[in-house]
Structure formats: structure tokens, C-alpha cells
1. List, largest first, the extents of the alpha carbons of region 91-151 along their principal axes, each in whole Å.
2. Taking the simple approach of a point 7 Å from Cα along Cα-to-Cβ for both Leu94 and Ala50, what is their distance in nm?
3. Would you mind counting up the charge near Ala119? Only other residues with Cβ under 15 Å from its Cβ, with Lys and Arg at +1 and Asp and Glu at -1.
Amino acid sequence: MESDAAATREALDAVSATRELNAERLRRPKRYWIMLGLMLSVFALLPYTAGWPPLLQILVPPALIALIAVALGRKQPTAVRKLRMSGRMVLQLLGFAILAGVAVAISRGVYLEQGWWWAPLVAAALLFAFVATAGPRLDRSWARRASHGEE
């Protein structure tokens, strides 16, 4: 009896350890969330380009985003590429995008209408901080769900 309980406990511990290892392998490196935060910050800082020539207004933001992607977008771990987006994950990412859009729109409006020069800078810093801290937590949640086979 005792040996059956010990064998069962040992098997359950092995399954738990495997799940934890899988969840760890499914997480993206933190640099990916830093990259996303920096990219969103570029959009938050766009009001400062209002006085620039139109050609620069069009070319500089994509160039900055490409520079950020090249600098921080090194090879992604293969296990992360196997993580499939479920409906809940898409909704969580959509929430990130909506939050970023609202923050950028408010800061742009306040900057243009009230002349508060610091509003886009604060919005960029807040977006970066939010994405860099909440992103890894979201990623851990996704990896945990994927390693447990939940949908």
C-alpha cells in the first residue's frame, strides 16, 4: 500500500515538474515585451513630430520601429513559436492595443489642445512600464495554460 502511494506521488511530482518545465520553455524572453513597449512608446511620442516636414513624419516612426525590432528581435525560442493563440489570448492582446490607443489618443489631444508638452512623454513612459511589467505576467499565464492543455 505504502509503495503504491509513494509511486503515485513520485509520478505526480514528475508530471508537475514536466508541466513547469514546459511552461518555462513556452515563455518569451523579457526583451520581447521591452521591444513591444518601446514600439508603443514610439506611437505615443508622435505628437512631437507635428512640426516636422511631412516626409520625416512618415519615415521616422517606421525607421525607429525597425531599429527597435532589429536590436531586440533576436531568434525566438522554438517552443514559443508552438504556442497557439486562443480566443482568450487574442482578447487579452486586444485589451493591450485598446489601452495603448486610448493612452496615445488622450495624450495627443491634451498636447495639441492644451499645449501640455509633457503629456506624450508621460504616456510613452506609462505605456512602456505597463507593457514591460504586465507582458511577462501575461506570457506566464499563456504558457501555464498551454502546458496544462487548457484552451
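Just so you know, all these numbers are worked out from the coordinates, no wet-lab data involved. In this text, all values refer to a predicted model and were calculated from it rather than measured experimentally. Cβ: placed from backbone, ideal geometry, glycine included. Neighbour counts: every protein chain shown.
1. Largest to smallest, the principal-axis extents are 51, 18, 6 Å.
2. 3.2
3. Summing Lys/Arg as +1 and Asp/Glu as -1 gives 0.
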